[in-house]
1. Pick out, in residue order, every one of the trypsin sites (Lys or Arg not before Pro) in the stretch 40-113 that is DSSP loop and has at most 11 other C-beta atoms within 10 Å; say none if there are none.
2. Just the Cα atoms of the chain, one point each, no solvent: what log10 I(q)/I(0) does Debye give at q = 0.12, 0.16, 0.17, 0.19 Å⁻¹?
3. By accessible area of protein heavy atoms, probe 1.4 Å, what ranking do ILE85, ILE126 get, highest first?
4. As a check on your grasp of the helix formula, calculate [θ] at 222 nm for the chain: sum -39500 (n - 2.57) over DSSP H runs of n ≥ 4, divide by the residue count, round to the nearest 500.
5. Using label points projected 7 Å from each Cα along Cα→Cβ, tell me how many nm separate ASP90 and SER166, to one decimal.
6. Helix by helix through the chain, keep the DSSP H runs that span 20 Å or more along the axis on Cα and average at least -1.0 on Kyte-Doolittle, and give those back in order.
7. Hey, can you grab everything whose amide H is under 5 Å from the amide H of ALA99? Only 5+ residues off in sequence or another chain; H modelled, so Pro and N-termini drop out.
8. Tell me, what is the per residue accessible area of the chain in Å², probe radius 1.4 Å?
Amino acid sequence: MKLMTKKEMKVLDKVVSGDLTGTFQVSGDEDAAACVVQYRRRISMEKMLMMVDTVAYAATCDEDYNPIARDMMLSRFILEYFTNIPVPMDKQQRDSQVADLAKCYAYVFQTGLYQQLMVDTELPFIEGYIDKRLAFAIEEQHGMNHLAGKVEQLLEEALVSWRNLSAQIEAQAEMQSGQASRNAAEIEKKELS
């Protein structure tokens, strides 16, 4: 197979590194005109990794899978990494860096923006990576729970064995003590006779 030429590689590099953008129009009403949302078709590998890990963590941080937390955190990253929509902040929090996830969710999933991004960006691939990461985390958690159950079972068996052994040792000690008493009594009898 013939390798690509430098000229062909430049074309490939341009396509891969270009910041291709698209637009999506959100319809207005009689009080407000429509607005145009700009979006990126691709994001950097660093942002993709951050998005995958953080969304997967948010969906499993309470040791159970929470699909609502997954979608809410996903919507936050979609706004920040893919669109020109500023991430809305929760004004009720003391920390001004806390996103209003309910508003993020509404902006992404209730406007048609999500459907547009699924068609025209690399978001479907990223969601696939998130789902693979979640499957791994859930499997790992299941394995840990299974292992914890086995450890508990082994500890219970060890405790039962310890109790049985303790009872046997105690019974043997009593038998030896009784035998020693009988031997002492016989020796005493012989000495008296």
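1. Here the trypsin sites (Lys or Arg not before Pro) that fit, given the DSSP loop and packing criteria, are LYS91, ARG94.
2. -0.80, -1.09, -1.16, -1.29
3. Solvent-accessible surface, decreasing: ILE85, ILE126.
4. -22500 deg cm²/dmol
5. The two pseudo-label positions are separated by 4.9 nm.
6. Both cut-offs are met by 45-60, 123-192.
7. ASP90
8. Value for the chain: 75 Å² per residue.
The values are calculated or read from the model by the stated rules, or taken from the named source; none is laboratory data. Keep in mind that this is a model prediction, so the values were computed, not measured. Positions of Cβ are backbone-derived with ideal geometry, glycine not excepted, and every protein chain shown enters the neighbour counts. Please note that ligands, DNA and RNA were not included when accessible areas were found on the heavy atoms of the full protein model with its side chains. Shrake-Rupley method; radii C 1.70, N 1.55, O 1.52, S 1.80 Å.
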